[in-house]
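These notes are about the structure you will find just below.
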Amino acid sequence: MVASLLLPLLSHAQLVRQANTTLNLPAELPVATGYTTANALGNLTFSNPICTAFPAGETNRLYVLERGTDGLNPDTTPYDMTGRIQVVNNLSGTPTQLTFMDLETYLESAPVNTPLAAQASTENGMLSFVFHPNYNQNGYFYIYFSITISGQLHQRLARFQATDPDSNPNTANYNSATTANPATMQPLLTIYDEAINHNGGDLAFGADGYLYLSLGDEGGGGDFYNNARFINKDFWGQMIRIDVDNKPENLAPNPHSQPGPLSSAVHAGTYKVPADNPFIGATTWHGINFAATTVRTEIYATGFRNPWRFTIDAPTGRIFLGDVGQQDWEEVDIVVKGGDYGWSWREGKHAFSQSATVPPRFPDNSAGNTNVPPVAFSPIEPIYEYVSDNAAGGIIYGASVCGGMVYRGNQLTELQGKYIFGDLFGGGGIIAALTETSPGLWAAQALATRPQVVDFGIDPRNGEPLLCSLNGTIFRLQRSGTTGTAPPSTLSATGAFSNLTSLTPNAGIVAYDPNVNFWSDYAIKSRWFSIPNMVNTMTFSSSGNWSFPSGTVWIKHFDIETTRGVPATRRKLETRFLVKTATDVYGLSYKWRADQTNADLVAESGLTESISGSSPVQTWRYPSRGECVTCHTQVGGHALSFNTPQLNRSRDYGAGAQNQIQALSDAGYFSSPVTGTHGLPAFAAATDTAQSLEWRVRSYLAVNCIQCHQPGGAAQGLWDARSTTKTDVANLIHGLLVNNAGDSDNRFVVPGDALHSMLLRRQQGNGVQRMPPLGTLERDLVNEQLVSDWIASLASRQNLTQWLSAQVPAVGAAGDDPDGDGRSNELEYLTGTNPNAASSGWTYGAMQSSGGVAQFQFTHPANRAAIIEVSSDLSTWHTWNVPGNQPAYPAVNTPRTVTAPLSSPERFFRVRFEEL
């Protein structure tokens, strides 16, 4: 028999709701009164710093690309000066800088009459660089820079390699390299450039492992060279995406020709085009027909004027880009694959005012290149635009937008998830933030001013923005002041507990337990919640998120066994609070003192340290307040694990076990009484072997991943962690990946193939970032084994379509009944019976009714829910709300007996079967 967690409803409530008058937590955290900037790297300065970067895994070094300055007189030398890459060491202490690579000296040391030279005038120079995702093993990094060849300006994308500090070729460790040799330059693209401006361009690797480059329209004003409207011309006015690893499944680029000393911009064999790039095979664009072989298949998105800076937000995969306007409108875009952003028919959301100049800038001909957009023109509007001056009273104004970054730092919690960007000229260099107030709607906020900011990088120490200013300084953003009530500095001052030794909560603070624990690095957890007054209530949902009033507080306490597995070494480690505000939540962490007498508020930026005396040695992360809101998302319900399938279990409130949800309802915590609690779902723990592997895995995924991995969630993955989404439509089995980690055979889960199942690899951190990305530094071996066992079991799993195809003889469609037993093929599939044998059909074992009590006996099929429904008229059915009739998914076919009183209208019964 499947044991139920629920017991019959008692006639009196065991949990009594009480008011809480002791909690001393502010309704909101203090808010900034303004922001300012300060030197992020001590007293270090640079020569025209144009951007910063660091390789994956680096936390204590930063690389600064110096654009260079106009050097020797071009009349007397064939080249101008270019820049260098400087490496800043010891970020955690007193930073120092050294030259990592000197491209300037390398080019200047060439013979005077060399046809190759660097160019750093006007909008040229070293413009961007990025490290290969596998830099630590291969030493590759990429620079986009300006160069003259035989006196003609070009823009070049080239690969360079660091000097391996390890003499052993089998143990490369390029992250510790101190120099790079510019002679390792391997050009990928060298693009003929007719003007001196609108070159773009920014570089970034996506989670897909591909390299993205943004390119301007070649310059001259008004799309002078007529580039941005076409996908079958050159590279200008585009964002391109290429495969620098030359993966076998990808394609060679189409032929390309250009004037000048290089007949093609493409350096053959140096890269491939991703097979899923959007314009592969295209034969028409903007009403113009052409051969597919003429398309620049490298293009990922089109229609840009000068996309100087963009960022790929790692948690969401969204590409934010600032496109510099002509004269009226600056714009911020979210770039999508195959998107057309409108230039040069549009500037921002508006018709470009110079498109209809007389004589026309562009020829009005039958090929579709007209000054009136063709019918096929369907541009994507920017998420935000602003004018070039403040005459209109806008929040943001300026004449040269500088695309920025999505804030994911840990020192300015109120900016978490906002897009931070700037304008080179507006208001002395405006720094601003965009907030997505609802899907697709964005609001602007001016933060600070800082002249000549040309890049927004990320600090490898803490995720804070780094602002590159051409005046030579790398700045950070900081608050200029705050207003509001600061949180209590100690745990005792929060008013949560009447006794810190025993952690006895004050009145009105209620303990609760979930069915499945979120993995927390071997910690032992206790939990409480409070709605302090007696008026506010929660809103219940049987399958979705609950909603909570402002002022609701959740408390989670963490103990740790300093010697793992030895209960006598257990001690208090951390206590966390989550507070519901009017619009969101905020979190606080308190670190327990060594003497266990009290706990102190952890700084806003969080803290990572080794647990004193731990064996094995263990590092613990006290989360930043930004990390708290990163996980406790709106789409995840804010209070993770405070929902129906997690709380649907029994707890003893002092007078015997009672269902938690029923107890909360009886005590008046919900806006309306909860009914039918016996038929509510309940998650299954990994160790509950009575439940099926699939249900235990689905429970694990819902608890640990739902805050990001579901429709509307922040994660860029394509799968759905919600347990209410059927397995076969949740993109789990053979689910496609945003990042296949370099192997096209990888999927989210591959039945019977752990090596190519990215879910397990993400759990293990096997060559990829380990998940969940926050709140854990230790592997969850129990759930890794659970997932591994499930993957192995999937080799024999069949969905309905596969099962129908496998039947011999053929059985027809899902609704057919080939054996005439009155049970459809779909029902036979759900119950595990033979559709070609009438004698094998599922039936109940016995049904008895005596003295107003009914008893049902039947076999519950493995990995299926079997729910008894009742009706008084054979038309309207509902779940029979009796003990033992809870949805469950047993590991094997299981005999069940359900016994309960009958109410007078309940005359007809049936069993409904469901698959996961």
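Using R0 = 30 Å, the C-beta based FRET efficiency linking F290 and V336 works out to 0.85. Close amide H partners of D455, meaning residues 5 or more places away or on another chain with modelled amide H under 5 Å apart, are C468.
To the nearest µm²/s, what D does Stokes-Einstein give for region 31-483 at 37 °C and 0.692 mPa s, using the Kirkwood radius over alpha carbon pairs as Rh?
Values: Rh = 22.4 Å.
My calculation gives 146 µm²/s for D.
For the chain, the relative contact order works out to 10 percent when only alpha carbon pairs closer than 8 Å and six or more residues apart are counted. Karplus-based coupling profile of region 663-680, in residue order and whole Hz: 5, 5, 5, 4, 7, x, 7, 9, 5, 9, x, 8, 10, x, 5, 5, x, 7, with θ = phi - 60° in 6.51 cos²θ - 1.76 cosθ + 1.60 and x standing for Gly or Pro.
Summing +1 for each Lys or Arg and -1 for each Asp or Glu, what net charge is found among the other residues whose Cβ lies under 13 Å from the Cβ of P248?
On the way: positive: K247, K272; negative: D243, D245, E249, D743, D745.
Surrounding charge for P248 is -3.
Placing unit charges on the Cβ atoms of the charged side chains and taking the dipole of the chain about its Cα centre, the candidate lying farthest along the positive direction among S605, F909, G260 is F909.
The residues neighbouring Y144, those whose beta-carbon lies less than 15 Å from its own, together hold a net charge of -2 under the Lys/Arg +1, Asp/Glu -1 convention.
Take the Kirkwood radius over Cα pairs of region 492-676, plug it into Stokes-Einstein at 25 °C and 0.890 mPa s, and you get 140 µm²/s for translational diffusion. The value given for region 750-839 is a Kirkwood hydrodynamic radius of 15.7 Å, derived from the mean inverse Cα-Cα separation.
Roughly how big is the chain's charge dipole about its Cα centre, with Cβ charges of +1 (Lys, Arg) and -1 (Asp, Glu), in debye to the nearest 20?
Numbers: 56 positive and 78 negative charges, 492 e Å.
Dipole magnitude for the chain comes out near 2360 debye.
Which percent of the Cα-Cα distances in region 693-796 go past 23 Å?
Working: 862 of 5356 pairs.
Tail fraction, whole percent: 16.
Using θ = phi - 60° in the Karplus curve 6.51 cos²θ - 1.76 cosθ + 1.60, the 3J(HN,Hα) couplings for region 146-156 round to 9, 8, 9, 10, 6, x, 9, 5, 9, 10, 10 Hz; x is entered for Gly and Pro.
In nm, what is the difference between 0.36 nm times the number of residues separating T899 and T96 and their Cα-Cα distance? Walk me through the numbers before you get to the answer.
Details: separation 803, 0.36 × 803 = 289.08 nm, distance 7.58 nm.
Taking T899 through T96 to full extension adds about 281.5 nm, to one decimal.
Per residue, the average separation of C-alpha pairs within less than 8 Å and at least 6 apart gives region 224-330 a relative contact order of 29 percent.
Once both labels are positioned 7 Å from their Cα atoms along Cα-to-Cβ, the gap between E381 and Y106 label points is 4.7 nm.
Rounded to the nearest whole Hz, the Karplus-based 3J(HN,Hα) values (6.51 cos²θ - 1.76 cosθ + 1.60, θ = phi - 60°) of region 844-852 follow the sequence 6, x, 7, 9, 10, 9, 8, x, x, with x at glycine and proline. Treating each Cα of the chain as an identical point scatterer and summing with the Debye formula, the log10 of I(q)/I(0) at q = 0.04, 0.05, 0.07, 0.09 Å⁻¹ comes to -0.23, -0.36, -0.69, -1.06.
Report, in debye and to the nearest 20, how large the dipole of region 813-915 comes out about its Cα centre when Lys and Arg carry +1 and Asp and Glu carry -1 on their Cβ. Please list the in-between numbers first.
Working: 6 positive and 11 negative charges, 88 e Å.
So the magnitude is around 420 debye.
Once backbone amide H atoms are built at 1.01 Å from N, I50 has L65, E66, R67 as its partners under 5 Å, excluding neighbours fewer than 5 places away on the same chain.
Expressed in nm to one decimal, what extension gain is obtained for the pair Q857 and T504 from 0.36 nm per residue of sequence separation less their Cα-Cα distance? Mind dumping the intermediate values first?
Details: separation 353, 0.36 × 353 = 127.08 nm, distance 4.51 nm.
Full extension of this stretch gives 122.6 nm more.
Only lysine pairs 8 or more places apart or on separate chains count here, and in the chain those with Cα atoms under 25 Å apart total 19. Only Cα sites of region 597-670 enter the Debye sum here, all with the same form factor; the resulting log10 I(q)/I(0) across q = 0.15 1/Å is -0.84, listed in q order.
In the chain, a dipole from Cβ-located charges (positive for Lys and Arg, negative for Asp and Glu) runs towards its positive end, and of S872, W842, Q186 it is S872 whose Cα lies farthest in that direction. In the chain, a dipole from Cβ-located charges (positive for Lys and Arg, negative for Asp and Glu) runs towards its positive end, and of N136, C708, I555 it is I555 whose Cα lies farthest in that direction.
Amide H contacts under 5 Å for Q710: A715, A721, restricted to partners 5 or more places along the chain or on a different chain, H placed in the peptide plane at 1.01 Å from N. Set the Cα radius of gyration of region 207-321 against 2.2 N^0.38 Å, with N its number of residues, and you get 1.07.
Since every read-out is calculated from the coordinates, none of them should be taken as a lab result. Computed from a prediction, not measured in an experiment: that's the story for all the values here. Backbone-built Cβ (ideal geometry, glycine too); neighbour counts: all protein chains shown.
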